[in-house]
Every structure is written in C-alpha cells, then in structure tokens.
1. Of the residues that sit in the stretch 10-54 and are surrounded by 19 or more Cβ atoms within 10 Å (Cβ to Cβ) and assigned to a loop (DSSP other than H, G, I, E, B), which one is modelled with the highest pLDDT?
2. In the set Ala66, Ala138, which member is without any contact (Cβ under 8 Å) to a residue 60 or more places away in the chain, surrounded by fewer than 20 Cβ atoms within 10 Å (Cβ to Cβ), within 17 Å of Thr27 (Cα to Cα) and of a type in the set (Gly, Ala, Ser)?
3. For the stretch 1-37, give me the residue count where each residue is among the aliphatic types (A, V, I, L, M), touching a residue at least 40 places away in the same chain (Cβ under 8 Å) and under 14 Å from Leu147 (Cβ atoms).
4. Taking the stretch 95-119, which residues are modelled with pLDDT under 95 and of a type in the set (D, E, K, R)?
5. Here are some conditions: (1) part of a helix (DSSP H, G or I); (2) in contact (Cβ under 8 Å) with a residue 40 or more places away in the chain; (3) under 22 Å from Glu24 (Cα atoms). Glu81 meets all but one. Which one does it not meet?
6. Going by what's in this entry, would Glu98 be described as of a type in the set (Asp, Glu), more than 22 Å from Glu15 (Cα to Cα) and touching a residue at least 40 places away in the same chain (Cβ under 8 Å)?
7. For Gly60, which of the numbered conditions (1) loosely packed, with under 15 Cβ neighbours inside 10 Å; (2) modelled with pLDDT of 95 or more fails to hold?
8. Quick test for you: out of Val93, Val112, pick the one residue that is exposed (fewer than 15 other Cβ atoms within 10 Å of the Cβ), under 26 Å from His137 (Cα atoms) and among the β-branched types (Val, Ile, Thr).
Amino acid sequence: MRHFYYTNQCVDSKEARRLELIIEAQTGLHLENPFFDSDAKEGDTVLEMTKEKLAKGDAGKPQLTADEIVGMDLRKIRESEGIVAMMTSEYCVGSVMEIAIAAFSWGKPVYVIARNPYFRVHPWIKYFASKIFDDVHAFIEYAKEHLQ
C-alpha cells in the first residue's frame, strides 16, 4: 500500500475526512491525515485556532505547541511518498507550507485537489504541484492509473 501525507484545511476538516476515506477506498492508497490519524491532539489544537478566535484573541491554550505540531507533520511528510493536498479555502497557511517544503526541500510529488478554482491558477501552487486536479474524482482516476 502506498503512503501519502494528506494535507487539508481545518475549516473543512470533516468534509476533507469524508473525501479522504473515499479516496482510500477507491484507490487503495493510505493517506496520513494529521487531524484524524494521530494519537496526538493536533486536530483538536488546530481546529481551535479558527480565524475568528485568533482575531479575538480567545483561541485558548493549545494542547500542542507549534514545535510539536510542525515537527510531527514534517516527520510524517518526510516518511511519506508525497502529498495529496485538498485545497478548498484560502485559509490554508499550513497546507501551503507543507506543499512547498515537500516539493522544494525533499523533491516529493505533490498532488493538489483544487476544489477552489483559486488554487488551479495560483502561481505558487502551480509551481510546486506535480499535478492539479479539479475534483476528487479526477484524482481518483489518476491514482488508479499512476499511483498503484
């Protein structure tokens, strides 16, 4: 089974999880989702850091530090074959950092599922992505042919 890191935005984490499970079932790939596939409380920490809470200064005390979150994610990316990125919202600092580091620093392939058309044309995404897909179904068809 091929193993990819699955980056997605916390604003749509439940929908991203639903789509992740569909991708895994239909392709046989294993996608490592830092919000759901870890014993650590990364998902709880990041989900509490919504734009609204951060703007008001009431995001609360995180369960994990920035060093812990980034360190875990970098290790998972380094150990994976590449990244599958579910891009739905402009609120995606973590995802774009992970994409850039994986592609630039480690030469990992990056597959972007750009549900938001903004990411299909953004120069930084176009530069770092190995391939950009308009939707999940297009990625699934590609993965069945090229990633198994």
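1. Across the stretch 10-54, the extreme among qualifying residues is Leu29.
2. On the way: Ala66 fails: within 17 Å of Thr27 (Cα to Cα).
Only one candidate qualifies: Ala138.
3. If we filter the stretch 1-37 for residues that are among the aliphatic types (A, V, I, L, M), which is where we start, we get 1, 11, 16, 19, 21-23, 25, 29, 31.
Next cut, touching a residue at least 40 places away in the same chain (Cβ under 8 Å) only: 11, 16, 19, 22-23, 29, 31.
This time we only want the ones that are under 14 Å from Leu147 (Cβ atoms), so: 23, 29, 31.
Final tally of qualifying residues: 3.
4. Result: Arg115, single match.
5. (1)
6. On the way: of a type in the set (Asp, Glu): yes; more than 22 Å from Glu15 (Cα to Cα): no; touching a residue at least 40 places away in the same chain (Cβ under 8 Å): yes.
When the stated conditions are applied, Glu98 does not pass them.
7. Every listed condition holds for Gly60 apart from (2).
8. Working: Val112 fails: exposed (fewer than 15 other Cβ atoms within 10 Å of the Cβ).
Among Val93, Val112, only Val93 is exposed (fewer than 15 other Cβ atoms within 10 Å of the Cβ), under 26 Å from His137 (Cα atoms) and among the β-branched types (Val, Ile, Thr).
The values are calculated or read from the model by the stated rules, or taken from the named source; none is laboratory data. Since the structure is predicted, the reported quantities are computational estimates derived from the model, not experimental observations. For neighbour counting, all protein chains shown are included, and Cβ atoms are generated from backbone atoms with ideal geometry for every residue, glycine included.
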